[in-house]
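K.L.:
Starting off with a structure, shown below.
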Amino acid sequence: MAEESGAAIDFPVKRQREDEELNNHHNHNHNGVEMEGINDNNSISTNKESESISSVIPGWFSEISPMWPGEAHSLKVEKILFQGKSEYQNVMVFQSSTYGNVLVLDGVIQLTERDECAYQEMIVHLPLCSIPNPKKGLFSRNMPRYHKVEYCPLYPSPQPDNLKHWAMSKVQAPYAWPLEDVVLVIGGGDGGVLREVSRHSSVEQIDICEIDKMVVDVSEQFFPHVSIGYKDPRVTLHIGDGVAFLKAVPEGTYDAIIVDSSDPIGPAQELFEKPFFESVAKALRPGGVICTQAESIWLHMHIIEDIVANCRQIFKGSVNYAWTSVPTYPRYVILRTPFSDCVISTKFVYLNAIGFFNSSGVIGFMLCSTEGPHVDFKHPVNPIEGDDSHCKSNGPLKFYNNEMHAAAFCLPSFAKKVIESKAI
């Protein structure tokens, strides 16, 4: 595990000096290197059978993906903690020298102990802080969060004695207000999203549908501070396909759906397609919200363009794109120059590289709401920052605050132009 330092909100691992890293880099031979792991006696040994990882220099993990062609992203490996192959993907956990434990799926970094807070906190609190707390102002005639029902979605009769979680107003009898929010998480098997959702006391029920049980088990073993979300009694874990799960959900079941998916290749591909978003819209209540991982503005504008176009067709409320900084999404780029050769196979990387630079380091989110009570994602109406109750069990927030919420929707000109061009 990574070392803890300072107060509770300190990041667990400190980075080495950049000049020290570069000196170490230039002292290595970069020709024809392969992935080198660490065996039981802590000596480095070559692993020629690994298909999920490859290395640029000995003792380093190098992330190679068709999602960012021409680039590789590297972290120094102290020790490989776990390697396995599930029904769906290769799963690996290693201890890095600067980012603590690292979870890798099919050769792509999913989270690190050092920077996971930036992603987990933003993907949850951006949507959940944008919808009013249903416990506040209950029975008020001006309460914004209500919707008309001819029958209660959860119970067979609208009679008050049959409404466990709903309150009927005698003044406006045809309307019902939810006393608690119901949230669905698609993906997010590491448990980090659950940890952040559980900070919200207004949430009564948290469903999570994760396709790969191995991800859940590995996270509970090697990332206890992330997977702590599973310990919340409001959580119900469903192992299975998120697309199929949503299709079976009754219409209007959830107030919020958070899609914590990997990149749109392999088992997560369907989570980026139009039929999936249609299922999400159907599963949400009027004024319900979705927040989904939506790639990097530096690398994937063509994907973002398609996501925005689909969402504007499907969601009749608000549609916004936000982004945040996560250093390892992705991080280092190996410079490929006219003086360096690079041949990439399925197992190994052979190249001559002359240096590193910090690449991308950002990830985006698509936030949408269904037709109904207006949702203004850019101005949080249910702030969590001033509510001390959220940190009793999960510790204080490390990344998210009201200022970060507002700033997340400020886009650079090139991205703003593309995204706004998809407005209907």
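K.L.:
How do the peptides 181-194, 87-100, 229-242 rank, highest first, by the average count of neighbouring beta carbon atoms within 10 Å per residue?
P.N.:
Averaged packing, sorted descending, gives the order 181-194, 87-100, 229-242.
K.L.:
Follow-up. When a/c reaches 1.5 or more, the comparison of a/b and b/c decides; with that in mind, is segment 217-308 rounded, prolate or oblate per its Cα gyration tensor?
P.N.:
Verdict is oblate for segment 217-308.
K.L.:
Continuing with this model, one more query. First measure r as the distance between the Cβ atoms of residue 237 and residue 409, then evaluate 1/(1 + (r/R0)^6) with R0 = 35 Å and state the FRET efficiency to the nearest 0.05.
P.N.:
It comes out at approximately 0.65.
K.L.:
Show me 104-116, 198-210, 304-316 ranked by packing, highest mean number of other Cβ atoms within 10 Å first.
P.N.:
Averaged packing, sorted descending, gives the order 104-116, 198-210, 304-316.
K.L.:
Separate question: Report the calculated FRET efficiency for residue 378 and residue 312 (r = Cβ-Cβ distance, R0 = 22 Å), to the nearest 0.05.
P.N.:
FRET efficiency, residue 378 to residue 312: 0.85.
K.L.:
When the Karplus curve 6.51 cos²θ - 1.76 cosθ + 1.60 is applied with θ = phi - 60°, which whole-Hz ³J(HN,Hα) does each residue of segment 285-293 get, with x for Gly and Pro?
P.N.:
6, x, x, x, 10, 10, 10, 10, 4
K.L.:
Right, another one. Step through the residues of segment 206-222 one at a time and calculate ³J(HN,Hα) from phi using the Karplus curve (6.51 cos²θ - 1.76 cosθ + 1.60, θ = phi - 60°), rounding each to whole Hz and writing x for Gly and Pro.
P.N.:
Whole-Hz 3J(HN,Hα) from phi for segment 206-222: 10, 9, 10, 10, 10, 6, 10, 5, 4, 4, 4, 5, 5, 5, 5, 7, 10.
K.L.:
Cα-Cα over 23 Å: which of 378/398; 282/417; 213/398; 213/247; 76/213?
P.N.:
282/417; 213/398; 76/213
K.L.:
Here is a follow-up. Summing Lys, Arg as +1 and Asp, Glu as -1, what charge do residues with Cβ under 12 Å from the Cβ of residue 185 carry, residue 185 excluded?
P.N.:
Net local charge, residue 185 excluded: -4.
Readers should treat all values here as calculations from the given coordinates under stated rules, not as data from a laboratory. For clarity, every value in this text was computed on a predicted model and none was experimentally measured. Glycine also receives a Cβ, built like all others from the backbone with ideal geometry; neighbour counts cover every protein chain displayed.
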